[in-house]
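Rule-based calculations on the coordinates, nothing more; no lab input. For clarity, every value in this text was computed on a predicted model and none was experimentally measured. Here Cβ is always computed from backbone atoms with ideal geometry, including for glycine, and neighbour counts include all displayed protein chains.
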Amino acid sequence: MISRRGIIGLLATPLLLPAANAVARETMLMGTVNYRERITLPPKATVVVQLVDISLADAPAQVIAEDRISGATGSPIRYRLRFDITKIEPRRTYALQARISDGDRLMFVNTARHEVFAGGRNNTRIRVQRTDAQQR
């Protein structure tokens, strides 16, 4: 997993290269989306996992990477987020968000904050909960 110190090191390396040689450095976060209910997802359900910049409280989160998974049948659901590590700024705050929808109907969403790059181990296991509409 990537810590803030690791990001600083990764970001500092391109500064040593001439601007003409600057190249995107693809990195990947992997993990699972999990829900507790013992149900099978509908055939057209879509799982969306996003890496977002949540640094600004008064602005919408900026999406850095997104993975859309179709055809998942049950928990756990594996995801992979590919992104350019040079877009990650050490002084900002990043988190993972997940939701499961069946068409326009939201079925599950994460309710806990899943920060990444905050030092230590990144939380790549995202627990989602049923929405109120689904609990009826």
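For this structure, a couple of remarks:
- Whole-Hz Karplus values for the range 69-84 come out as 10, 10, x, 5, 10, x, 7, x, 10, 7, 10, 9, 10, 9, 7, 8 Hz, taken residue by residue from phi with 6.51 cos²θ - 1.76 cosθ + 1.60 and θ = phi - 60°; glycine and proline positions read x.
- Net charge of Cβ neighbours under 14 Å - reference residue 56; Lys, Arg +1; Asp, Glu -1: -1
- Shape annotation for the range 33-74: C-alpha extents along the principal axes are 37, 19, 12 Å, from largest to smallest.
- Ordering 28-38, 63-73 by mean Cβ neighbour count within 10 Å, with the highest value first, yields 28-38, 63-73.
- Sites residue 30 and residue 102, calculated FRET efficiency, Cβ-Cβ separation with R0 22 Å, nearest 0.05: 0.35
- Working note: Karplus 6.51/-1.76/1.60 with θ = phi - 60° gives the range 58-66 the couplings 9, 9, x, 5, 8, 7, 8, 8, 8 Hz, where Gly and Pro are set to x.
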